[in-house]
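Q: Quick one: the structure is below, and I'll ask about it shortly.
The values are calculated or read from the model by the stated rules, or taken from the named source; none is laboratory data. What you see is a predicted model; the values in this text were computed from it and never measured. Note that we place each Cβ from the backbone using ideal geometry, even for glycine, and neighbour counts take in every protein chain shown. With ligands, DNA and RNA removed, areas are computed over all heavy atoms of the protein, side chains included. Shrake-Rupley method; radii C 1.70, N 1.55, O 1.52, S 1.80 Å.
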Amino acid sequence: MTTEAFQLSEHDRALLPTDEDVLFYQEHGWYLSKKLLTDEEVDTLNAAADRFYGGHRDRTLPVRPPRLAYWEPEKGDVHRHNDYIFYEDDTVRSILSKPLIGAVAARIAETSQIRLWNSTLIHKPPRPEDEGNIVPWHFDRHYWQTCTSDEMLTAFIPFHDCGEEMGTITMVDGSHRWKEIGGNDATTKHFAERDRSELDEMLEENAAFNNVSVRKVPVVIPKGHISFHHCRTYHGSGLNRSDRPRRAISFHLQDRTNRWRPFEISTGERVVYNNDVLVRKDANGNPDYTDPDFCPVLWQEQA
């Protein structure tokens, strides 16, 4: 991609985080952006989701990764997760490739380059009786143990105003700065594969280990705004108590330094992240997290 692709207009530059915003992110582990997407862009994302759930694909994955989250119609009206939406849908790809999103991420993460890591389309139905719609407390770094970087981050992009009633994303303020009490093999598993009470207990134990109280901050996100959080920030979300689905994309991002590394659990078995079976291999035969097909550059600072 040419450097011209990463130019920002004067209007876009006015939407970048201020120095105070960067300090806030570094201290709190999350940041709510200004309005980065127009109403038309957000509505287009929502329409693309409708088509996707109706069966539309611009391309499909060449192989099925081992831990792929992928809702299909026969699963019914449940909490839906569909990984690799950026890869499979060109409309989503065109909008989320907007340089401003990557530029905002780069500024708060203090890196000169942002690459895609993964993307997940999420649909949380208005079913307050279904506790399967609750996302328990977790932080993303646990699942990304094959990554070298501790500065990766996620952009949470709702397709509408998103408040507490809809079960918006909720941050444990400042938790990215905690020292961890210690993990076990289970921490490499996605929250959907673990017991919610176990994850609640893990949060409380880590807070006690750091001699801090757990401060939960629901992020109220106006339409077109984006919530960013650090890969070590504990977060989750509650039930959707509104009268319509809560739709969003979790847009996981790499900083410039991130590369693959081997990571073994106690049995000696190597952890395999979904990207590892999709991306090209580097000169040593290891997964290449700079693969332009699955991990394209979304922002590059100009020299």
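Q: Compute a Gaussian network model of the chain, connecting alpha carbons closer than 10 Å, and tell me which residue from A283, A47, A248 fluctuates the most.
A: A283
Q: Further, regarding this structure: Quick one: dipole size for the chain, taken about the Cα centre, charges +1 on Lys/Arg Cβ and -1 on Asp/Glu Cβ, in debye to the nearest 20.
A: Once rounded to the nearest 20, the dipole reads 300 debye.
Q: Taking 8 Å as the Cα distance limit and 6 or more residues as the minimum spacing, I'd like the relative contact order of the chain as a percentage.
A: The normalised contact order for the chain reaches 30 percent.
Q: In region 237-303, which trypsin sites (Lys or Arg not before Pro) fall in coil by DSSP and have 10 or fewer other Cβ atoms within 10 Å?
A: none
Q: Ignoring ligands, DNA and RNA, what percent of the accessible area of region 191-303 is carbon or sulfur (1.4 Å)?
A: Answer for region 191-303: carbon and sulfur cover 48 percent of the accessible area.
Q: Taking a cut-off of 35 Å, what percent of all Cα-Cα pairs in the chain are separated by more than that? Before the final figure, lay out the partial values.
A: Working: 6218 of 45753 pairs.
For the chain, the fraction of Cα-Cα distances above 35 Å is 14 percent.
Q: Still on this structure, I have one more. Calculate the length of the line joining the C-alpha centroid of region 52-108 to that of region 204-244, in whole Å.
A: First find each Cα centre; the distance between them is then 22 Å.
Q: Further question: Could you work out which residue, out of P126, P136, P66, moves most in a Gaussian network model of the chain, that is, has the largest mean-square fluctuation with Cα springs under 10 Å?
A: Result: P66 has the largest fluctuation of those listed.
Q: So how much accessible area does T60 have, in Å² to the nearest 10, using a 1.4 Å probe?
A: 90 Å²
Q: Another question, if that's okay. With the chain treated as a Gaussian network of Cα nodes joined by springs under 10 Å, which of Y53, Y273, Y234 yields the largest mean-square fluctuation?
A: Comparing Y53, Y273, Y234 in a Gaussian network model of the chain, the most mobile one is Y53.
Q: Do any of K34/K216; K35/K216; K216/K281; K124/K216; K35/K281; K34/K124 go past 30 Å between their Cα atoms, and which?
A: Long pairs (Cα-Cα over 30 Å): K216/K281; K35/K281.
Q: Using a 1.4 Å probe, what is the accessible area per residue for the chain, in Å²?
A: That works out to 45 Å² for each residue.
Q: Taking all protein chains as present, what is the carbon and sulfur share of the accessible area of region 50-159, in % to the nearest whole number, probe 1.4 Å?
A: The nonpolar share, carbon plus sulfur, comes to 46 percent.
Q: Once you put a point 7 Å from the Cα of E165 and another 7 Å from the Cα of K281, both along the Cβ direction, what distance in nm separates them?
A: My value for the distance between the label points is 5.5 nm.
Q: Give me the net charge for the shell around R107: Cβ to Cβ below 10 angstrom, other residues only, Lys and Arg +1, Asp and Glu -1.
A: -4
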